[in-house]
Amino acid sequence: MHWDEKRLLAAEVDAIHGLVPGSGDPPTVRDPTVLAVWAWSPRARLLALGSGVPGEGRAGAAVIEGGPSWVFPACVAVPPAPLPVVVSTAEGRRAAQRLIRPGTWRPGEWGELIGGRLGEWAMAVRGREPVSICHTPAAGATAAEAGIWTRPDFRGRGLAPACVAAWSHRERRNKEVLFYSTTDTNHASQSVARRLGLRRLGWIWTARQGGAAA
């Protein structure tokens with residue numbers, strides 16, 4: 001399949017928010033919290049709208065968040081890491097059962113993650129503690145989005161790039177195209193994309209309904 005920029009933008013918005021098939025131009029997103037999504041690249045644009053207006057009593061200013069997005073090349077070299085990186089093979093999932101759940105994950109979600117029900121993952125581990133995790137927080141029929149978390153006291157050690165690259169090798173078996181995006185203020189996350197040599201695609205803005213009006 002030829003992935004021009006228009007198709008890439010649509011695939012990423014679909015992976016993150018879900019595009020309703022046949023919903024017209026502009027398309028509609030399934031995510032009920034979204035008012036609108038604007039995706040931009042040098043050669044393409046995509047506007048997608050929410051499915052309805054806010055309910056009564058929920059009026060308020062829209063909260064708009066945006067940031068850059070990247071596309072993974074066909075193969076990403078896994079940089080060396082100072083700690084072992086466990087991936088979501090059958091052996092890795094068995095090993096993850098012995099790990100200590102990070103406080104950022106609820107028990108049910110953690111069980112779904114390490115069991116492979118939330119997609120592929122890669123974790124840097126110190127002893128029995130996962131200190132950096134890349135997983136699949138969003139996916140569509142043909143695309144998946146990387147999500148990365150690193151414990152604050154382990155940041156800046158090269159763990160995130162190693163986990164993201166290892167994740168991409170696992171998820172590439174399932175999806176045709178992989179994306180990485182972040183907010184415009186998260187410079188550490190942006191540096192991961194640059195370190196791995198990901199291809200800059202463009203920018204995505206998402207508008208969600210803010211708090212209730214006074």
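The values are calculated or read from the model by the stated rules, or taken from the named source; none is laboratory data. Everything numeric in this text was worked out from a predicted model, so none of it was measured. All Cβ positions, even for glycine, are placed from backbone atoms using ideal geometry, and neighbour counts span all protein chains on display. To get the accessible areas, we keep the full protein, side chains included, count just its heavy atoms, and leave off ligands, DNA and RNA. Shrake-Rupley method; radii C 1.70, N 1.55, O 1.52, S 1.80 Å.
Per residue, what accessible area does the chain have, given a 1.4 Å probe and all protein chains present, in Å²? Before the final figure, lay out the partial values.
Values: 11030 Å² over 214 residues.
For the chain, the per-residue accessible area is 52 Å².
Subtracting the Cα-Cα distance from 0.36 nm times the residue separation, let me have the gained length for Arg126 to Ile64 in nm, one decimal.
On the way: separation 62, 0.36 × 62 = 22.32 nm, distance 3.70 nm.
Length gained, Arg126 through Ile64: 18.6 nm.
Mind checking which of Ala95, Cys75, Gly108 is farthest towards the positive end of segment 1-122's charge dipole, using Cβ charges of +1 (Lys, Arg) and -1 (Asp, Glu) about the Cα centre?
The listed residue farthest towards the positive side: Ala95.
Using only the alpha-carbon atoms, what does segment 107-179 span along each of its principal axes? Please give whole angstrom values in decreasing order.
Projected onto the principal axes, the Cα atoms of segment 107-179 cover 36, 27, 16 Å.
Please state, rounded to one decimal and in Å, the Kirkwood hydrodynamic radius that segment 1-127 gives when every pair of distinct Cα atoms enters the mean of 1/r.
Numbers: mean 1/r = 0.0549 Å⁻¹.
One decimal place: 18.2 Å for the Kirkwood radius.
Could you work out how far helix 5-17 tilts from the main Cα principal axis of the chain, as a 0 to 90 degree angle to the nearest 10?
Roughly 80 degrees, rounded to the nearest 10.
Quick one: net charge around Ser41, please, counting Lys, Arg +1 and Asp, Glu -1 for every other residue with C-beta under 13 Å from its C-beta.
Working: positive: Lys6, Arg7, Arg43, Arg45, Arg199, Arg200; negative: Asp4, Glu5, Glu12.
My count for the surroundings of Ser41 gives +3.
Can you give the local net charge around Ala81? Use residues other than it whose beta-carbon is closer than 15 angstrom to its beta-carbon, Lys and Arg +1, Asp and Glu -1.
Counting the neighbours of Ala81, the net charge comes to +4.
Once both labels are modelled 7 Å past Cα along the beta-carbon direction, what's the Ser51-Thr104 spacing in nm?
2.9
Could you tell me which trypsin sites (Lys or Arg not before Pro) in segment 108-137 are loop residues by DSSP with no more than 11 other beta carbons within 10 angstrom of their beta carbon?
On the way: sites: Arg117, Arg126, Arg128; in loops: Arg117, Arg128.
Sites meeting the loop and neighbour criteria: Arg117, Arg128.
Charges only on Cβ, +1 for Lys and Arg, -1 for Asp and Glu: so what's the dipole of segment 86-214 about the Cα centre, in debye to the nearest 20?
Numbers: 20 positive and 10 negative charges, 62 e Å.
Around 300 debye, computed over segment 86-214.
Give me the angle, in degrees from 0 to 90, between the Cα long axis of helix 187-196 and the longest principal axis of the Cα atoms of the chain, rounded to the nearest 10.
The angle comes out near 70 degrees.
Which whole-Hz ³J(HN,Hα) couplings does segment 117-133 yield from phi under the Karplus relation 6.51 cos²θ - 1.76 cosθ + 1.60, θ = phi - 60°, glycine and proline marked x?
7, 9, x, 6, 8, 9, 9, 8, 10, 10, x, 10, 10, x, 10, 8, 9
In terms of modelled amide H atoms, which long-range or inter-chain residues lie less than 5 Å from the amide H of Ser88?
Sorted by chain and number, the residues that satisfy this are Trp121.
Using the Cα atoms of the chain to build a convex hull, what is its mean projected area in square nanometres? Present the calculation step by step, with values, prior to reporting the outcome.
On the way: hull surface 53.2 nm².
That works out to 13.3 nm², a quarter of the Cα hull's surface.
To the nearest 10 degrees, how steeply does helix 159-171 sit against the main Cα axis of the chain, on a 0 to 90 scale?
Its long axis makes an angle of about 80 degrees.
Considering only DSSP states other than H, G, I, E and B, which trypsin sites (Lys or Arg not before Pro) in segment 1-49 qualify as loop sites with at most 15 other Cβ atoms within 10 Å?
Values: sites: Lys6, Arg7, Arg30, Arg43, Arg45; in loops: Arg30, Arg43.
Here the trypsin sites (Lys or Arg not before Pro) that fit, given the DSSP loop and packing criteria, are Arg30, Arg43.
Using modelled amide H (1.01 Å from N, peptide plane; none on Pro or chain starts), what sits under 5 Å from the amide H of Val63, excluding residues fewer than 5 places away?
The list, which skips near neighbours in sequence, is Arg208, Gln209, Gly210.
Please give the Cα centre distance for segment 73-99 versus segment 116-179, rounded to the nearest Å.
Measuring centre to centre over Cα atoms gives 9 Å.
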